Amino acid sequence: TKNDKQEVTVLDTIIYFSYGSNMDPLQMEYRCPMAKIIGRGRLDDYQLAFREGGFATILPQPGSHVMGVLWALSPSDVQYLDHYEGYPNFYDKEELMIHRDGCPTQTALVYVMCQPYRDIPALPTQSYLEGILRGCQRNQIPKSTILYACHRTECELPETEQQSLYHKQAKTYRRKER
């Protein structure tokens, strides 16, 4: 409930940076009932990628950046996310420096896909991708960066596995934006 959200103190708060489906406030409300949006953030020298199972992860890439959402989480919210993200087997946790417009850089918890899963490119499902794009829309994050990550991932796949999801989504969203 909303009153429960106010009971979490600043000392209990964990700052979390989401870059995939957890950018969507509706999904986070379901997964982490105590979570509160802080604002948009930017992780420098990484790029978004889709890997094993079509799930989002980040990969080191000097000069690139990943846009996402910063959340204030309770310790119980982190436990829920650990379970959801498959920690520590599918995703691991790292503390990385996140930039915010007009605010000091801050350290945040970030889930990063584990080896060997992050070495296996795979396109996201339509519903997973739509959840990410919904999160972008609700947080004023350009959808083009997500679609470009799909395109890069598609280019990494063997030709027989390329599904042109990027091209289908790009056409769909260009029509909607007109």
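The values are calculated or read from the model by the stated rules, or taken from the named source; none is laboratory data. Remember, predicted model here, so these are calculated numbers, not experimental data. Note: ideal-geometry Cβ built from the backbone for every residue, glycine included; neighbour counts use all protein chains shown. Heavy atoms of the whole protein, side chains included, go into the accessibility calculation; ligands, DNA and RNA do not. Shrake-Rupley method; radii C 1.70, N 1.55, O 1.52, S 1.80 Å.
Modelled this way, with points 7 Å down the Cα-to-C-beta line, the labels at Asp12 and Ile120 are 3.8 nm from one another. Neighbours of Ala49 by Cβ distance under 15 Å: Lys/Arg scored +1, Asp/Glu scored -1, total -2.
Multiplying the residue separation of Gln137 and Arg152 by 0.36 nm and removing their Cα-Cα distance gives an extension gain of 3.3 nm. The listed residues Met97, Met113, Met34, once ranked by accessible area (1.4 Å probe) with the largest placed first, stand as Met97, Met34, Met113. Here the simple spin-label model places points 7 Å from the Cα toward Cβ, and for Glu95 and Gln79 these points are separated by 2.1 nm. Distance from the C-alpha centroid of the range 24-48 to that of the range 71-101: 10 Å, rounded to the whole angstrom. Distant-in-sequence amide contacts of Gly39, defined by a placed amide H-H separation under 5 Å and a gap of 5 or more residues or a different chain, comprise Leu70. For Lys36, the accessible surface of its heavy atoms amounts to roughly 100 Å² (probe 1.4 Å, protein chains only, rounded to the nearest 10). Once backbone amide H atoms are built at 1.01 Å from N, Asp24 has Gly135 as its partners under 5 Å, excluding neighbours fewer than 5 places away on the same chain. For Glu130 and Tyr87, a Förster radius of 25 Å and the Cβ-Cβ distance give a FRET efficiency of 0.55, rounded to the nearest 0.05.
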